[in-house]
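To start, the structure itself, in structure tokens.
The values are calculated or read from the model by the stated rules, or taken from the named source; none is laboratory data. Fair warning: this is a prediction, and the values are worked out from it, not measured in the lab. Neighbour counts run over all protein chains shown; Cβ positions are idealised from the backbone, glycine included. Note: areas computed on protein heavy atoms with side chains; ligands, DNA, RNA excluded. Shrake-Rupley method; radii C 1.70, N 1.55, O 1.52, S 1.80 Å.
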Amino acid sequence: MARKQNFSGTGVAIITPFRKDGSVDFKALEKLIEHLIKGKVEYIVALGTTGEASTLSKEEKAAVTEHILDVVNDRVPVVKGIGGNNTAEIIQTLEHFEADRFAAILSVSPYYNKPSQEGIYQHYKAIADASPLPIILYNVPARTSSNITAETTLRLANEFENIIAVKEASGNLGQIMRIIKYRPKDFQVISGDDLIALPIIASGGDGVISVVANAFPKDYSEMTRQALKGNFAEARKLHYKLTDIIDLLFADGSPGGVKAALEIMGISSNTLRLPLVPVNKRIYALLQEEVKKYK
């Protein structure tokens, strides 16, 4: 059976806006979603790292995802982040998960535990056996302290048809190209790094799950589309238009950078939940300058 789901293009790892008192700002979330859809992104990823999911209560997670689904109203697919370092807890979540309105789940590799490659494989095998939805693997060693090797990714891709893609944020182009070279048909390789999405697509990748597209969805999604069409001259123009801003967005932590940019743009407040804090004053001032001159 061929993998039928298609996550080519630009997905956005959407932030969770907070009011100054730390509560979820649902009006700002609605404003952000309309900004993304107007910017022609291909899909939205809820409750990922950028969404500060680890600081949301169970009730808040349910309310945020319900609000995202209601505002999106089937205009673009929505992917839900369901991952962690307790395999049994993820399985339990999947057993009580209302999957009908989601297109897939994004599941981060187990963090803190530092499992072996066999442990990572068995973790995802258990998720694949339990999931009612297609699964996008998420490899982000800088946050998890363990890498999903190309061999483990390919093993999972070949053995489980409902594991349809990998969001690769290792920054290791050699590893990513190996996955692209040896992947099964229709298994997608998605960049998890805004700055190297263009070379990953040029190597045969399928798109990106982006942070910067929260703030600049129109140009970033167009860059991705042009690259996927093979129009690299046009894609490069947009890529280099955004590189300075991308550097600033990650200079003092993420999602602090993009939340600062969104406040400057009047979309949501620059509020994060501890242990995360806003970017420092120098970075904020530099972002103000970049956003002001951005056209």
*Within segment 143-179, track down each residue that is open to solvent by 20 Å² or more (accessible area, probe 1.4 Å), assigned to a helix (DSSP H, G or I) and within 21 Å of Thr10 (Cα to Cα).*
Leu173, Met177
_Pull out all pairs, ordered by first then second residue, where Cβ-Cβ is under 7 Å, the residues are six or more apart or on different chains, the first lies in segment 113-140 and is part of a loop (DSSP other than H, G, I, E, B), and the second is of a type in the set (Val, Ile, Thr)._
Ser131/Ile105; Leu133/Ile105; Pro134/Ile164; Val140/Val108
_Check on Ala99, in a helix (DSSP H, G or I) and of a type in the set (Gly, Ala, Ser)_ = no
*asked:* Which numbered condition in (1) at negative phi; (2) surrounded by fewer than 21 Cβ atoms within 10 Å (Cβ to Cβ) is the only one that Ala227 fails?
replied: (2)
*Inside segment 71-84, can you point out the residues that are open to solvent by 10 Å² or more (accessible area, probe 1.4 Å) and not in a loop (DSSP other than H, G, I, E, B)?*
Val71, Lys80, Gly81
*Of (1) over 22 Å from Ala103 (Cβ atoms); (2) touching a residue at least 12 places away in the same chain (Cβ under 8 Å), Ala197 satisfies all except one. Which?*
(1)
*Between residues in segment 239-268 that are on the phi > 0 side of the Ramachandran plot and residues that are of a type in the set (Gly, Ala, Ser), which pairs lie under 8 Å by C-beta distance while being six or more apart or on different chains?*
none
*Within the set of pairs 6+ apart or on separate chains, which have a first residue in segment 85-102 that is more than 17 Å from Tyr124 (Cβ to Cβ) and open to solvent by 50 Å² or more (accessible area, probe 1.4 Å), a second that is modelled with pLDDT under 95 and in a helix (DSSP H, G or I), and C-beta atoms under 9 Å apart?*
none
*Members of segment 14-55 found to be of a type in the set (A, V, I, L, M), more than 18 Å from Pro278 (Cα to Cα) and not in a helix (DSSP H, G or I), listed by number*: Val41, Ile44, Val45, Ala46, Leu47
*Criterion (in contact (Cβ under 8 Å) with a residue 12 or more places away in the chain, farther than 30 Å from Pro134 by Cα and in a helix (DSSP H, G or I)) met by exactly one of Arg236, Arg225*: Arg236
*In this structure, does Gly192 turn out to be in contact with a Lys or Arg (Cβ under 6 Å, 6 or more places away or on another chain), among the small types (Gly, Ala, Ser) and open to solvent by less than 60 Å² (accessible area, probe 1.4 Å)?*
yes
*Take the residues in segment 1-13 that are in a loop (DSSP other than H, G, I, E, B) and within 19 Å of the chain's Cα centre (by Cα), then tell me which one is farthest from Ile190 (Cα to Cα).*
Gln5
*Residue by residue through segment 34-70, note down the ones that are in contact with a helix residue (DSSP H, G or I) (Cβ under 9 Å, 6 or more places away or on another chain) and open to solvent by less than 20 Å² (accessible area, probe 1.4 Å).*
Leu36, Gly39, Val41, Ile44, Ala46, Leu47, Thr50, Gly51, Ala53, Leu56, Val64, Ile68
